[in-house]
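Notes to accompany the following structure.
The values are calculated or read from the model by the stated rules, or taken from the named source; none is laboratory data. A quick note: this is a predicted structure, and the numbers were derived from the prediction, not measured. Glycine gets a Cβ as well: all are built from the backbone with ideal geometry, and neighbour counts include every protein chain shown.
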Amino acid sequence: MPEVLETLASCEFLDAGRTSYARALALQTNMVERRKRGEIPDQLLIVEHPHVVTMGRNGHMENVLASPEILDRAGIELHYTDRGGDVTYHGPGQIVGYPIFDLREWKRDVVAYLRALEQVLIEALAEFGIHGERQPGATGVWVQGAKVAAIGVHISRWVTSHGFALNLDTDLDYFKYIVPCGLTQPVTSLRVLGCHASRAEVTMSVARAFGRVFDRNMYGAKMEKAEMESE
């Protein structure tokens, strides 16, 4: 009998570029509801935000080191979210990924999902010769003791939202306004680590790693555009 090859489930990749936090949240909410109804496949939404500080549902206001007035003068928005984790910063130079992913079709295991997101980022960094690591008792990815990627997710009826933020060429001075994720370790970026890959190249690396780790066939017009830009 001829060999039957397993067909991978699909995941649509969309790079929406610079997008306000509020607009990205509304887009995620719409995608989550459509995914729950089975109207769309799994999604990997990539964005870059203007300066914003977000507080997770387990956050502590003492980890925001500046008053609302100071944040406003610095051009930083403050948003309260339903994701897990504490406080984090998003801004220009980050690659922010929001998977809208139905765990019922992968593993109904939240911890396994968090570890898999870390693995995606670790494998993506490895393509550029950077050794990313986990830290016991914490979620995210570190390089040489400094945090390069933060992770915080929300899950509703097994469909995920929110996700990860990878520092590409982020202005790390903006992290002075917070205690990132409630931790005191330093933060870093790919540029600080000597990686000069473009946003398109790193984004494509993340998308490829996401497909490998989650056994998904990644597709989408924006993905084809990013592939051409990274060549």
Next on the checklist: With the structure loaded, tell me whether GLU133 is buried (at least 19 other Cβ atoms within 10 Å of the Cβ), closer than 17 Å to VAL206 by Cα and without any contact (Cβ under 8 Å) to a residue 40 or more places away in the chain or whether it fails that test.
Outcome noted: no
Next on the checklist: Going residue by residue through region 88-106, is there one that turns out to be at pLDDT 95 or above, among the hydrophobic types (A, V, I, L, M, F, W, C) and touching a Cys at 6+ places or on another chain (Cβ under 8 Å)?
Outcome noted: yes
Checklist entry - Out of all the residues in region 86-118, which are among the charged types (D, E, K, R) and in a loop (DSSP other than H, G, I, E, B)? => result ASP86, LYS107, ARG108, ASP109
Checklist entry - Which of the residues that make up region 30-78 are among the polar types (S, T, N, Q) and either surrounded by fewer than 22 Cβ atoms within 10 Å (Cβ to Cβ) or out of contact with any strand residue (DSSP E or B) (no Cβ under 9 Å at 6 or more places or on another chain) (or both)? => result ASN30, ASN58, ASN63, SER67
Next on the checklist: List the residue pairs whose Cβ atoms are under 8 Å apart, where the first residue sits in region 83-97 and is in contact (Cβ under 8 Å) with a residue 60 or more places away in the chain and over 19 Å from VAL64 (Cα atoms), the second is assigned to a strand (DSSP E or B) and β-branched (Val, Ile, Thr), and the two are 6 or more positions apart or on different chains.
Outcome noted: ILE95/ILE46; VAL96/ILE46; VAL96/VAL47; GLY97/ILE46
Checklist entry - Applying the selection to region 152-182, what residues are among the aromatic types (Phe, Trp, Tyr), within 16 Å of GLY91 (Cβ to Cβ) and surrounded by fewer than 24 Cβ atoms within 10 Å (Cβ to Cβ)? => result TYR174, PHE175, TYR177
Checklist entry - Out of all the residues in region 19-29, which are under 22 Å from ILE155 (Cβ atoms), among the small types (Gly, Ala, Ser) and surrounded by 13 or more Cβ atoms within 10 Å (Cβ to Cβ)? => result ALA24
Checklist entry - Has region 194-217 got any residue that is at pLDDT 95 or above, within 16 Å of the chain's Cα centre (by Cα) and either part of a strand (DSSP E or B) or closer than 28 Å to GLU62 by Cα (or both)? => result no
Checklist outcome for this item: Taking region 110-141 and keeping only residues that are within 14 Å of the chain's Cα centre (by Cα) and over 27 Å from TRP158 (Cα atoms), one is left with LEU125
Checklist entry - Of all residues in region 35-85, which are touching a His at 6+ places or on another chain (Cβ under 6 Å) and either in a helix (DSSP H, G or I) or not aliphatic (A, V, I, L, M) (or both)? => result HIS49, THR54, GLY75, ASP82, ARG83
